[in-house]
1. Return the only residue of ASN146, ASN122, ASN127 being under 26 Å from the mean Cα position of the chain (by Cα) and open to solvent by 80 Å² or more (accessible area, probe 1.4 Å).
2. Can you give me the ranges of the strands (runs of 3 or more DSSP E) entirely in the stretch 19-138 with at least 2 residues that are modelled with pLDDT under 90, among the aliphatic types (A, V, I, L, M) and farther than 16 Å from TYR149 by Cα?
3. Suppose the filter is assigned to a loop (DSSP other than H, G, I, E, B) and over 20 Å from GLY74 (Cα atoms); does LYS153 pass it?
4. Of all residues in the stretch 74-98, which are of a type in the set (A, V, I, L, M, F, W, C) and over 14 Å from the mean Cα position of the chain (by Cα)?
5. Considering the stretch 83-101 alone, what residues qualify as being open to solvent by 20 Å² or more (accessible area, probe 1.4 Å), touching a helix residue (DSSP H, G or I) at 6+ places or on another chain (Cβ under 8 Å) and without any contact (Cβ under 8 Å) to a residue 60 or more places away in the chain?
6. Please work out which one of (1) under 30 Å from GLU105 (Cα atoms); (2) open to solvent by 80 Å² or more (accessible area, probe 1.4 Å); (3) β-branched (Val, Ile, Thr) is the condition ILE13 fails and give its number.
7. Since PHE29 meets every condition but one in (1) of a type in the set (Phe, Trp, Tyr); (2) open to solvent by 90 Å² or more (accessible area, probe 1.4 Å); (3) over 30 Å from ASP121 (Cβ atoms), which condition does it not meet?
8. Between LEU22, LEU18, LEU37, which is in contact (Cβ under 8 Å) with a residue 24 or more places away in the chain and either surrounded by fewer than 14 Cβ atoms within 10 Å (Cβ to Cβ) or over 26 Å from the mean Cα position of the chain (by Cα) (or both)?
Amino acid sequence: MFDLIFFGGLSIIGLIFLIWSLFTDLKHFRIGKKTFLLFPIGLAIIFTTIILIWNAQINSNFDKPTLVRIFYDGDFNGTGIDFKTDGTYIFDNSAIGLSNYFYGEYEINGNRIILDKNNLDNVVMTNQLEIRPKTIEYSDRKEVENYVYQIDKKGNVLKNETQFRLVVDKRK
């Protein structure tokens, strides 16, 4: 929410400045007939176009269909990995509303997910993850849920490393 307010405010200020600069530069150009007077507005239009294209590319990455999504809830912080159907993933490590995003590629074979990186923001310490069932004991019942564990090359679960809850699973 803070990002939306902050960047929305910056966008409104930038738009007001762009319109004011456009009218001012055009007025000075009509008086002086010097083309360098249009340089600031041209530069502003170029930067605005680059930012809009960049934003569209980022949004297209987030809008790809999800195959598997995992999440770790650490109260004030959290970590999620969104595995897309095209073989890419988005790693989101957040703390008190601020997120760090990392992008990469993965392969999935059955329940094993192999990442292109060995270390993701000091949270995922291996390039191999595995989906396994875990029995969760509540006060009145037991439930089996799927969790994603960090494993070594032999398939052993790494001790004292983050375990992720499987939130979305659209594998067939």
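The values are calculated or read from the model by the stated rules, or taken from the named source; none is laboratory data. Owing to the predicted nature of the structure, the values given are computational and were not obtained by experimental measurement. For neighbour counting, all protein chains shown are included, and Cβ atoms are generated from backbone atoms with ideal geometry for every residue, glycine included. Note: accessible area is taken over every heavy atom of the protein model, side chains too, but ligands, DNA and RNA are not part of it. Shrake-Rupley method; radii C 1.70, N 1.55, O 1.52, S 1.80 Å.
1. Details: ASN146 fails: open to solvent by 80 Å² or more (accessible area, probe 1.4 Å); ASN127 fails: open to solvent by 80 Å² or more (accessible area, probe 1.4 Å).
Within the list ASN146, ASN122, ASN127, the selection yields ASN122.
2. On the way: elements: 66-74, 77-84, 88-95, 98-109, 112-115, 128-137.
Once the strands (runs of 3 or more DSSP E) in the stretch 19-138 are filtered for at least 2 residues that are modelled with pLDDT under 90, among the aliphatic types (A, V, I, L, M) and farther than 16 Å from TYR149 by Cα, nothing remains.
3. Working: assigned to a loop (DSSP other than H, G, I, E, B): yes; over 20 Å from GLY74 (Cα atoms): yes.
Judged against the criteria, LYS153 is a match.
4. Keep residues of the stretch 74-98 that are of a type in the set (A, V, I, L, M, F, W, C), which gives 76, 81, 83, 90-91, 95-96, 98.
Listed by number, the residues that qualify are PHE76, ILE96.
5. Within the stretch 83-101, THR88 is the sole residue that qualifies.
6. If we test ILE13 against (1) under 30 Å from GLU105 (Cα atoms); (2) open to solvent by 80 Å² or more (accessible area, probe 1.4 Å); (3) β-branched (Val, Ile, Thr), just (1) comes out false.
7. (2)
8. Every option except LEU18 fails the conditions.
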